[in-house]
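One structure is given here, and the rest of the page talks about it.
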Amino acid sequence: MLTKRIIACLDVRDGRVVKGVQFRNHRDMGDILELSQRYADEGVDELVFYDITASSDGRVVDKSWVNNVARRINIPFCVAGGIRSIKDARAILNDGADKISVNSPALERPEFITELAEAFGTQCVVVGIDSRLEKAANGSDKYVVYQYTGDETKTISSKRDTVAWAAEAERRGAGEIVLNCMNNDGVKRGYDLAQLRLVREAVTIPVIASGGAGDYPHFAELFETTGIDGGLAASVFHSGQIPVPDLKRYLRDRDIEVRL
Amino acid sequence: MIAIIDSGGANIASVRFALERLGVDSVLTADPAVISSAERVILPGVGAAPVAMAQLDRAGLVECIRGLTQPVLGICLGMQLLFERSQEGDTPLLGLVGGTCGAFDPGMGLTVPHMGWNRLVPQGEGRHPLLAGVEDGAHVYFVHSYAAPVSADTVASCNYGVDFTALVARGNFMGAQFHPERSGPVGARILGNFLALPAGGKG
């Protein structure tokens with residue numbers, strides 16, 4: 001049986017791993033290679049590196065660390081942040097990344113997803129979606145995609161509906177979606193299960209949950225109630241609050257298929 | 001010397017780095033002479049079968065690969081290319097292993113691609129040397145939308161809605177549907193086992 005994936009996200013700024021709360025107030029969390037190796041050794045299933053400055057600054061991720069990570073670790077990893085062209089993506093994949101993730105550039109020009117899928121195969125193409133719950137005029141909930149979230153002074157609503165955008169991303173060739181629920185990000189009250197279920201039902205490609213993991217039961221309820229393929233977290237792993245081997249054993253004891 | 005066939009796709013670096021971690025040098029090449037004389041050959045591949053076959057054909061590598069007598073390991077799409085046909089674009093493949101690769105059906109409630117860690121189940125009598133030291137049910141990392149059926153040449157299968165070939169061997173031609181270079185210590189062990197097989201070739 002395919003396991004549920006536990007994914008550690010390393011937000012990268014200026015070559016260091018950082019973490020903010022609801023995308024703000026970034027704190028230094030450590031060295032990229034050291035943390036990557038630690039996670040690979042602890043049994044993390046996959047790593048995502050997100051250069052949180054790249055997209056809004058208009059620069060591509062610094063490539064030297066991508067190559068160093070690829071040489072060092074033996075688990076899959078994805079690189080996100082400021083990938084705006086086939087050339088940017090090719091450089092990162094050639095350096096040894098398994099997947100690239102696009103977010104704001106895909107919102108600016110959705111055809112970019114198709115171009116990436118045609119160039120590298122859908123399995124390399126992840127679409128990251130930063131989504132926020134808003135109240136519509138009639139009081140009902142709606143989920144809206146946000147853009148340029150790496151820099152709070154530039155963050156704007158794309159006005160796109162989250163579920164519709166996820167379906168469009170799949171149609172255009174995305175091989176996976178990482179849904180980051182911004183209301184829940186960094187506040188450790190659990191994943192946004194309702195929103196994740198909506199997106200899960202709208203697509204047949206893998207969907208990864210991001211934003212809100214703060215305790216062991218948050219992962220169990222994610223996998224037991226949503227059909228989501230993987231849970232991504234950052235601060236609870238970086239800080240050591242949830243050791244990955246303990247989390248995996250906790251999930252296995254609840255009959256959730258994981259790699260130990 | 002290990003030759004990694006340059007099939008034009010991305011993601012080849014990770015195979016080279018995995019060999020480096022095992023202390024082995026490799027050369028990335030599309031030169032039939034270099035490939036034929038290598039001790040061992042790795043055929044990586046990501047993307048679509050028709051594109052990959054066209055690329056091998058253009059590089060004059062189809063007959064070169066068919067004629068290899070040293071240990072050959074196809075990885076991911078590189079494994080599928082060893083089979084007879086793929087339903088992906090109804091493409092004739094290298095024909096070194098019997099069977100036709102077909103697509104996973106999202107209609108069965110599966111997410112496709114099959115992406116992530118899944119279990120290896122050894123098949124057949126006796127354990128193939130590629131599986132030496134690998135526990136039954138060990139997890140390895142897969143990323144694919146097409147898969148090869150289980151046959152007499154299947155060394156290990158995996159289940160994703162259906163049973164499919166995860167590891168295949170027919171004589172000197174072997175293939176892994178998963179990515180040993182990204183499958184943690186288990187993958188490193190399987191790559192190491194491939195490197196430990198008696199070498200062939202002229203170099």
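Among the residues of region A:104-131, which ones are of a type in the set (Gly, Ala, Ser), within 14 Å of another protein chain (Cβ to nearest Cβ) and either assigned to a loop (DSSP other than H, G, I, E, B) or under 19 Å from A:Val163 (Cβ atoms) (or both)?
A:Gly121
Kindly indicate which of A:Gly227, A:Gly214, A:Gly190 is in contact with a His (Cβ under 8 Å, 6 or more places away or on another chain) and in a loop (DSSP other than H, G, I, E, B).
Just one listed residue meets the conditions, A:Gly190.
Could you check how many residues of region A:65-83 are over 22 Å from A:Val207 (Cα atoms), part of a loop (DSSP other than H, G, I, E, B) and more than 8 Å from chain B (Cβ to nearest Cβ)?
Of the residues in region A:65-83, 1 are over 22 Å from A:Val207 (Cα atoms), part of a loop (DSSP other than H, G, I, E, B) and more than 8 Å from chain B (Cβ to nearest Cβ).
Give me the residue from region B:157-203 that is of a type in the set (A, V, I, L, M) and not in a strand (DSSP E or B) and, out of that set, nearest to B:Arg119 (Cα to Cα).
B:Val186
Here is a check on your reading of the model: is B:Glu88 of a type outside the set (S, T, N, Q) and in a helix (DSSP H, G or I)?
no
Within region B:52-88, track down each residue that is charged (D, E, K, R) and either within 15 Å of the chain's Cα centre (by Cα) or farther than 12 Å from B:Ser7 by Cβ (or both).
B:Glu63, B:Arg66, B:Glu84, B:Arg85, B:Glu88
Taking into account only those residues within region A:84-103 that are more than 17 Å from the chain's Cα centre (by Cα) and polar (S, T, N, Q), which is farthest from the other protein chains (Cβ to nearest Cβ)?
Selected residue: A:Ser85.
Inspect all residues belonging to region B:51-65 and state whether any of them is away from chain A (no Cβ under 14 Å) and in contact (Cβ under 8 Å) with a residue 60 or more places away in the chain.
yes
Within region A:29-53, can you find the residues that are among the polar types (S, T, N, Q) and touching a strand residue (DSSP E or B) at 6+ places or on another chain (Cβ under 7 Å)?
Hits for region A:29-53 are A:Ser36, A:Thr53.
Could you pull out the residue among B:Ser183, B:Ser157 that is under 24 Å from A:Gly230 (Cα atoms), polar (S, T, N, Q), within 9 Å of chain A (Cβ to nearest Cβ) and within 16 Å of the chain's Cα centre (by Cα)?
Every option except B:Ser183 fails the conditions.
Filtering region B:101-130 down to residues that are within 15 Å of the chain's Cα centre (by Cα) and more than 19 Å from B:Pro71 (Cβ to Cβ), which residue is farthest from the other protein chains (Cβ to nearest Cβ)?
Looking at the filtered set, the residue picked out is B:Cys101.
Answer yes or no: is there a residue in region A:235-257 that is crowded, with 20+ Cβ neighbours inside 10 Å, modelled with pLDDT under 95 and not in a helix (DSSP H, G or I).
No - not one qualifying residue is present in region A:235-257.
Can we say A:Asp185 is more than 30 Å from B:Gly107 (Cα to Cα), at pLDDT below 95, among the charged types (D, E, K, R) and crowded, with 22+ Cβ neighbours inside 10 Å?
So A:Asp185 fits the description; yes.
Would you please name the residue that is nearest to the other protein chains (Cβ to nearest Cβ), looking only at residues in region B:1-44 that are among the small types (Gly, Ala, Ser) and on the phi > 0 side of the Ramachandran plot?
The qualifying residue nearest to the other protein chains (Cβ to nearest Cβ) is B:Gly8.
Considering every residue within region A:92-100, establish whether at least one is surrounded by 23 or more Cβ atoms within 10 Å (Cβ to Cβ), at pLDDT below 90, charged (D, E, K, R) and in contact with a strand residue (DSSP E or B) (Cβ under 6 Å, 6 or more places away or on another chain).
Checking region A:92-100: not a single residue is surrounded by 23 or more Cβ atoms within 10 Å (Cβ to Cβ), at pLDDT below 90, charged (D, E, K, R) and in contact with a strand residue (DSSP E or B) (Cβ under 6 Å, 6 or more places away or on another chain).
As an exercise: evaluate A:Val145 against (1) within 14 Å of chain B (Cβ to nearest Cβ); (2) crowded, with 20+ Cβ neighbours inside 10 Å; (3) not acidic (Asp, Glu) and give the number of the one condition it does not meet.
Unmet for A:Val145, out of (1) within 14 Å of chain B (Cβ to nearest Cβ); (2) crowded, with 20+ Cβ neighbours inside 10 Å; (3) not acidic (Asp, Glu): (1).
Does A:Glu115 fit the bill of being of a type outside the set (Val, Ile, Thr) and either under 20 Å from the mean Cα position of the chain (by Cα) or at pLDDT 95 or above (or both)?
Criteria met by A:Glu115.
The values are calculated or read from the model by the stated rules, or taken from the named source; none is laboratory data. Note that the structure is predicted; figures quoted are calculated from it, not measured. Backbone-built Cβ (ideal geometry, glycine too); neighbour counts: all protein chains shown.
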